[in-house]
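Trainee: First the structure, then my questions, so here it is.
Bear in mind that the values in this text are calculations on the coordinates, not laboratory data. The structure presented is a predicted model; accordingly, all values stated were derived computationally and were not measured. Note: ideal-geometry Cβ built from the backbone for every residue, glycine included; neighbour counts use all protein chains shown.
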Amino acid sequence: MSPVILPIAILVPIIGGALILPIRFKNNRAREIYSEAVVVLTSILVWAALMLLKGRPITVYSFTSGFSITFAVDGLGSLFAGMVSLMWPLVMLYAFSYMREESRKNSFFAFYVMTYGAALGIALSADMVTMYVFYEMLTLVTIPLVSYYGNHESMFAGRKYAAYTIGGAALAFFPVVLVTQMSGGGAFVYGGNLLPGYSATLMRVAFVFGFFGFGAKAAVFPLYSWLPTASVAPTPVTALLHAVAVVNAGVFAVMRMTYYAFGTDLMRGSKEQLLCLAFSVFSLLFGAVMALKERHFKRRLAFSTMSNLSYMLFGTMLMTPMGFEAGMAHMVFHGVIKMSLFLCAGAFMHKTHKNYIYEVNGVGKKMPVTFVCYTLGALSLTGIPLFCGFISKWELLMAGADEGSAAGLFGAGALIASAFLCAMYTLTISVRAFFPADMKNQFAGCARDDADLLMLLPIVVFTVVNVGLGIFPGGIMGIIGNIAGGA
């Protein structure tokens, strides 16, 4: 198979999504069929490329010597691209139901589909420049989604999101240029790609710029506040923003930079590594505390996302194979769990027109499938055995303990504290939903009225995957372990 399929897989959703804007569809169904067809075709092309094109780069365009747009398939990129390509078609189905009564649907679905292409561009980039170009593109195509409703709150969220993520990218531009110059092109090579003769001090400072720059999308402290603010967007947007596309793109970029550009030998044991570890640990605790305080349903889940993203950054910043493996595992498993939780929250808000946690009281009997799935996701996110969240959190604990430094051990302790807080801020919602106080049951006597099939199908699928990966984690953990070893 020709490697040209790689840029085709990325261009299909970008061009296919852009074409939605001028088309006058006869009805919702025509738009939905077109959008789903573009997304499914893209996923088919992606999986064909992942299975057949490993290690075969293709350069699409060259700016100048060392600066080009080049794509390739490797282990880490396959993991992220595979994850995105499986989730997007399912969440599109949810979006069809959620957005059916909304206006400006052409604009919504156009940018929603284009976002898929930008995320794939990041995943399948072969070098720092290509990743950076699509990293910026991801910001640009998601701004209209964050500000979709067009009211004051949405426009403010869009401006804030743009300021934080574009500002973060500006910080990351320094290490992108430096690595490209110091490596003869910036191609991703496991273990690092820097040529002899660089200044170790300068490169370590540049790494910190990259950690916080790319980390802005991963909501690392203090660059986090755009994430809860962005929860004003429609739930299909926040699910992808907070579970897969944007936030995981930030973590993915940090992983690329750490293990495939700078290399851990340069950073391990340095003050700069300790600084990045400290901010990762603080962020995961801070996010958990803020989630516990938050009373808005989606904003609570957004702060939870901040906390769990820093779990991944903690594993990455340990700069050990165990830490890298644990960080990747949590990226995948958290994506599955949090997708389910956000879709459940969105279904509740869509059906009841309520937004706050105190308004959940008694809704479990009205929406039993939605809130049973929510509860299973909450158990997994807490780290209860037989769910996939337990697997990745256990791996992170073991990685912190194995690393052996005071920072690693303190981080492991912070993970335990954060898991306790997670149980409090997630499972209390389930208790309210199924066991409300008699005087506070807001749905007493209401007939069962769960979400419709298009909403429930993705929720149930992600829940089944959550449980399945928890019971049978060997296959995916074997793949992740091979990637962490350089495969």
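Trainee: Can you list the residues, at least 5 places off or on another chain, whose amide H is less than 5 Å from the amide H of V60, using H built in the peptide plane?
Mentor: So V60 has HN proximity to I69, T70, F71.
Trainee: Using a cut-off of 24 Å between alpha-carbon atoms, which lysines can reach K351, once sequence neighbours fewer than 8 places away in the same chain are excluded?
Mentor: Here the lysines satisfying the reach criterion relative to K351 are K105, K298, K338, K365, K366, K440.
Trainee: Which lysines, if any, have their Cα less than 16 Å from the Cα of K54, not counting same-chain residues under 8 positions apart?
Mentor: The qualifying lysines are none; the list is empty.
Trainee: Here is a further query. Once the piece of chain linking D265 and A401 is laid out straight, how much longer is it, given 0.36 nm per residue of separation minus the C-alpha distance between them?
Mentor: Between D265 and A401, full extension yields 47.0 nm more.
Trainee: Amide H neighbours of I384 under 5 Å, counting only residues 5+ apart in sequence or on other chains, H built in-plane at 1.01 Å?
Mentor: Those lying under 5 Å, H to H, from I384 are F390.
Trainee: Once you list every other residue whose beta carbon is under 9 Å from the beta carbon of A291, what net charge do they have if Lys and Arg are +1 and Asp and Glu are -1?
Mentor: Net local charge, A291 excluded: +2.
Trainee: What whole-number volume per residue, in cubic angstrom, does the convex hull of the C-alpha atoms of the range 270-487 give?
Mentor: 108 Å³
Trainee: Note the full-extension length gain between N482 and T201 as 0.36 nm times their separation in residues minus their Cα-Cα distance, in nm to one decimal.
Mentor: That works out to 98.0 nm of additional length.
Trainee: With a 10 Å Cβ neighbour count serving as the proxy for reagent exposure, in which order, fewest first, do Y94, Y190, Y148, Y358 appear?
Mentor: Y358, Y190, Y148, Y94
Trainee: Another question, if that's okay. What's the local net charge at L241, with K and R +1, D and E -1, over the other residues with C-beta under 12 Å away?
Mentor: Spelling it out: positives minus negatives among the neighbours equals +3.
Trainee: A further question follows. In whole angstrom, how far apart do the alpha carbon centroids of the range 1-73 and the range 372-449 sit?
Mentor: Cα centroid of the range 1-73 versus Cα centroid of the range 372-449: 37 Å apart.
Trainee: What is the spin-label model distance, in nm, from L41 to S62 if the labels are put 7 Å beyond Cα along the C-beta direction?
Mentor: Reported label-point gap for L41 and S62 is 3.1 nm.
Trainee: While we're on this one: Through the Karplus equation 6.51 cos²θ - 1.76 cosθ + 1.60, θ set to phi - 60°, convert the phi angles of the range 44-60 into ³J(HN,Hα) values in whole Hz; use x for Gly and Pro.
Mentor: 4, 4, 4, 5, 4, 5, 5, 7, 10, 10, 4, x, 10, x, 9, 8, 8
Trainee: Tell me which label goes with the value of Cα extents along the principal axes in Å computed from the coordinates here: (1) 70, 62, 44; (2) 74, 56, 43; (3) 68, 62, 51.
Mentor: The calculated read-out lines up with (2).
Trainee: Test of understanding: ordering M267, M455 by Cβ neighbours within 10 Å, fewest first, what list do you get?
Mentor: With the fewest neighbours first, M267, M455 line up as M267, M455.
Trainee: Which whole-number percentage describes the relative contact order of the chain, with Cα contacts under 8 Å and a sequence gap of 6 or more?
Mentor: This gives 14 percent for the chain.
Trainee: What's the exposure ranking of C344, C422, going from fewest to most Cβ atoms within 10 Å?
Mentor: C422, C344
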